[in-house]
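Let me begin by presenting the structure, written as structure tokens, before commenting on it.
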Amino acid sequence: MHPAERATEDTSTGGGSPFGSLSLEHSSTVDRVADELRRAVFEGEIESGTPLREVALAESLGVSRPTVREALALLVAEGLATREPNRGVSVASPDPESVRDVSNARVVLETAGVRNWNEASEESREAVRRALADYERAVAEDASYQELNQRHLTIHLSLVGLTDSPRLVSMAESIVAELRLALAQIDRVRRNARDQAGSHHHLLDLLQAGDVDAAVAELGIHLHGAEDAIIERLQLD
């Protein structure tokens, strides 16, 4: 193991490096490096298109290049980074086709969950209620944009959870990771996530009233509206 991998704090090199804000609290592992890179990307600290140089990252995080290389491979597999011949790895950039594909996949998975509301376990239904309550609490407490985004996306994952299918939830988690990349860029133009609470509460009210068809329609409006907003704000068209 690289000796620097035992360092716990203050491993950034500074000097204007784009990775100077990264840090690890405990001895490094591939998963910890990948988690720190995901955090920096999702919070907008590292922008789309930024090259992820193994040497610079290894120095900033105090880990070996092979450790960084393995972590980058995880991000590439998740679609959060891209690898090009002779150019290395860089943070992925959202494009209209991928945003629309993610939106279509969300519609399929979340609609399946909403339609299963009456047959879903009470535990799964309670997870939706709890996710919405957590989001509304975050709004009331004027939480950070990043926390609001996370709470918001948790609501949508809980809708997929209504299928009571761990495999479908796992698929949705992968899709959400791609969506968070686009939303991180939207944050840079100050998109306001607080306006979503009323729409989600209305959706839950429809479900609890037994009007599943109306809930499906409401979900479709919400997801397609989100797709249009992401593309518009990213100026991708």
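General remarks:
- Selection from the range 123-153 of residues that are closer than 18 Å to residue 111 by Cα and either modelled with pLDDT under 95 or of a type outside the set (Val, Ile, Thr) (or both): 124, 125, 126, 127, 129, 131, 132, 152, 153
- As for the range 182-200, it holds at least one residue that is in a helix (DSSP H, G or I) and modelled with pLDDT of 90 or more.
- Of all residues in the range 139-164, those that are in contact (Cβ under 8 Å) with a residue 24 or more places away in the chain have Cβ atoms under 6 Å from Cβ atoms of residues that are polar (S, T, N, Q), 6 or more apart or on another chain, in 152/196; 161/124; 162/116; 162/124; 163/116; 164/121; 164/124.
- Any hit, the range 86-99, residues being at pLDDT below 90 and of a type in the set (Ser, Thr, Tyr): yes
- From the options 220, 225, 161, 210, residue that is open to solvent by 40 Å² or more (accessible area, probe 1.4 Å) and of a type in the set (Gly, Ala, Ser): 210
The values are calculated or read from the model by the stated rules, or taken from the named source; none is laboratory data. Please read these numbers as outputs of a predicted model, since none were measured by experiment. Please note: Cβ atoms are built from the backbone with ideal geometry, for glycine as well, and neighbour counts cover all protein chains shown. Each accessible area value is taken on the protein alone, full model and side chains, heavy atoms only, with ligands, DNA and RNA left out. Shrake-Rupley method; radii C 1.70, N 1.55, O 1.52, S 1.80 Å.
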